[in-house]
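Below: one structure, written as structure tokens.
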Amino acid sequence: MGAVPMIIAVYFRWTSEETEAYKHQVKEKVSGNWDRARNIAKHVWANRVKLAGTAGSWFILDVLFYGNSLFSADVTRAMGTENTLQGKTIQNLCIQLMAMPGYILAVIFLDRIGRKRLQLIGFAGEAVIFCAMAIFQQQFKTLPVLFVFMYAMTFFFDDFGPNTTTFVIPAEIFPTDVRSTCHGISAAFGKAGAAVGASVFLKVANMYCPGRDCHNTKDPVPQDRGIRVVFISCTILAALGFLWTWALVQEKPHASLEEVENLYDVEEEGEGEVTALELTMKKGMGEEGVGLTAPPTVEEEAKVGRV
């Protein structure tokens, strides 16, 4: 049932009015739906390496992000933190409060650091933290407050990195012909990663428990082994995201994006220009209010300059 609204949305998007930028750059050159579809396929294939970079990194991110987001309570419980409803609520609140500054800082530093470099920083930060939690798992169990802080920092680096840049980069690097298409394909791969993370994460965490359900056992050893595998898997995925970004992701905006900006670029009026035009029109009005005559005199221009 979840696919039905998306199918309806595809129809309305396909039949909706295009933007002025698209009409200016694409639609005037491509006539008919069949030519349009062939044009899209041609440009998608021409940009396949860029698309592999954006789609693959978004997929890796969402396996990590949604796997940890949906089952963070199971991870914190397994690491010995408070298991009451109030305790879980406070822990998750702390995690989200640690993550939110990541978005804010990403917006501030996106242009200064660069999209690709910011994405590399995010994946690298996650890899280091998950690796530390995998190696020092038993020590972190005796320090639950420190563990919650470290675990929250993985969400911080999600937001101060790939959770921001995987959305921004596809909106800039593709030509106008397929910018929305390639962004949509990249996002679709991200949602596929979310589905993988949501379905696999808890199974891995419970893989050593009887009946693959750690809620029914009091023995902490099988659960500890499962959580360690989760941390190792997250380390590998974050490292893979780093390497994938380094090898395949491009951040240089496509030339057509500058054309779109120029299409809507309005030159600001110079100092006194509007006043000079008004003065010219007033001087040129005849008795019946029509006609324009000579430009303003030197004295009038001097008066305008003082305005």
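Quick note: the coordinates plus some simple rules give every number you see, no bench work behind them. Computed from a predicted structure; not experimentally measured. All Cβ positions, glycine included, derive from the backbone under ideal geometry; neighbour counts span all protein chains shown.
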Given 0.36 nm per residue, what is the gain on full extension from Ser180 to Val200 after removing their alpha carbon distance, in nm?
4.2 nm
Multiplying the sequence separation of Ala188 and Val49 by 0.36 nm and subtracting their Cα-Cα distance, what value in nm do you get?
48.4 nm
With labels modelled as points extended 7 Å from the Cα through the Cβ direction, what inter-label distance (nm, one decimal) is found for Met207 paired with Trp34?
5.1 nm
Given points 7 Å out from each Cα along the Cα-Cβ axis, report the Leu70 to Phe109 separation in nanometres with one decimal.
3.1 nm
If you put +1 on each Lys and Arg Cβ and -1 on each Asp and Glu Cβ, how big is the dipole of the range 18-260 around its Cα centre, in Debye rounded to 20?
440 debye
Along the charge dipole of the range 48-179, Cβ charges K/R +1 and D/E -1, which of Phe140, Tyr103, Gly161 sits furthest on the positive end?
Gly161
What's the lysine pair count for the range 18-260 at a Cα cut-off below 27 Å, pairs eight or more apart or interchain?
27
Net length gained if the chain between Met1 and Arg225 were fully extended (0.36 nm per residue, minus Cα distance):
76.9 nm
Segments 1-13, 201-213 sorted - mean Cβ within 10 Å per residue, highest first:
201-213, 1-13
Where in the range 138-175 does the amide nitrogen come within less than 16 Å of the point 7 Å from the Cα of Lys252, taken along Cα to Cβ?
172-175
